[in-house]
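The values are calculated or read from the model by the stated rules, or taken from the named source; none is laboratory data. No experiment lies behind these values; they were computed from the predicted model shown. Using ideal geometry, Cβ is built from the backbone for each residue, glycine included, and neighbour counts are taken over all protein chains shown. Side chains are part of the model used for accessible areas, which takes the heavy atoms of the whole protein and leaves out ligands, DNA and RNA. Shrake-Rupley method; radii C 1.70, N 1.55, O 1.52, S 1.80 Å.
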Amino acid sequence: MKFPLCRALLRLSPNIEYIIIGSGIAKDLDSYCRKVALPLMALMTVALPFLAFVVLERLSPGALVEYLSLALAAASGLLLSIALSIGVPTFSYTSRADYLEAKFHVFASTLASLLAGGQNLSEALAGLAKYEDELKEFKVEINYIKLMTSLSQDPVVILNELSKITPSNSLKTLAESLAKGVSTGSDLLSIVSYQLETYTNYYYSLVDKVAASVGSLLEMFLSAGMIMPILVTIMGILFSVYPIHGVSFTSLVVLAIFILMPIISAVTVVLIDDQVSKIKL
């Protein structure tokens with residue numbers, strides 16, 4: 001039986017249970033509510049009113065203002081906890097997507113080799129568990145397949161559910177295609193091979209896009225590094241002619257060298273890492 005908070009999360013985000021499972025945070029919605037969402041809600045609904053109480057004690061407003069402020073803080077804490085309960089698994093789910101996409105060829109190739117070895121779909125899906133070390137990035141998906149297989153679920157059901165929980169678009173498409181292939185009696189190995197070929201073509205185009213993006217980011221960083229000394233020099237000349245009270249040339253140099261450039265460098269590194277993570281093999 002789902003907690004009231006779980007029902008609220010389901011109303012706000014109907015796919016939250018699939019997102020939670022696919023993110024790897026918890027095995028199901030009830031477990032997530034019990035271990036994460038409820039403690040978070042308790043913390044936020046206590047912490048914000050407590051902070052409000054500390055502030056109000058210093059300001060000493062009227063009693064009515066205090067009660068209203070504490071009630072508002074508690075309500076804000078509740079809403080914030082619900083937002084975080086949805087946002088955290090959603091962010092984790094999205095973060096896994098690019099990482100899994102870069103590893104999809106390993107998963108599909110392993111499945112193709114099992115099917116080519118003469119195994120049927122049920123045996124091939126169960127056989128993926130033997131390659132957990134090679135497919136460690138797909139631990140969530142493999143554990144889900146193992147659970148469903150142990151419950152003697154039909155392969156079509158397993159594949160349809162797998163397509164809902166995994167954040168990898170390529171794996172979603174593969175699972176849906178295999179499920180339809182079973183229903184229509186198509187050659188499953190051909191389906192996997194076709195998906196691998198499609199993925200390879202997509203990956204080549206993705207590499208080109210990422211290379212162009214990284215090149216643009218590096219050009220922007222180099223341009224900022226070249227322009228910054230010129231701007232500082234120009235500002236120094238202007239300050240010597242038209243001095244501004246409270247602002248010195250030294251403070252401007254410190255701002256440029258020790259604050260602006262590190263910030264620009266950090267942002268550039270984060271953006272480049274985000275792009276490169278899409279094609280890590």
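Here are the numbers for the structure shown:
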| read-out | value |
| --- | --- |
| Neighbours by Cβ (under 6 Å, 6+ apart or cross-chain): first from segment 73-102, under 19 Å from residue 19 (Cα atoms) and free of Cβ contacts under 8 Å to residues at least 60 places away in the same chain; second open to solvent by less than 50 Å² (accessible area, probe 1.4 Å) and not in a helix (DSSP H, G or I) | none |
| Answer residue from segment 19-47, given it is out of contact with any Ser or Thr (no Cβ under 9 Å at 6 or more places or on another chain), within 25 Å of residue 141 (Cα to Cα) and assigned to a helix (DSSP H, G or I) and is most open to solvent (accessible area, probe 1.4 Å) among those | 35 |
| Residue pairs meeting the criteria (Cβ under 6 Å; at least 6 apart or on separate chains; first closer than 24 Å to residue 102 by Cα, in segment 254-277; second assigned to a helix (DSSP H, G or I) and of a type in the set (A, V, I, L, M)) | 268/217; 271/217; 272/214; 272/217; 275/210; 275/214 |
| Filter result for residue 76 (crowded, with 16+ Cβ neighbours inside 10 Å, assigned to a helix (DSSP H, G or I) and modelled with pLDDT of 85 or more) | no |
| Qualifying residues in segment 118-166 (those that are crowded, with 17+ Cβ neighbours inside 10 Å and acidic (Asp, Glu)) - the one modelled with the lowest pLDDT | 137 |
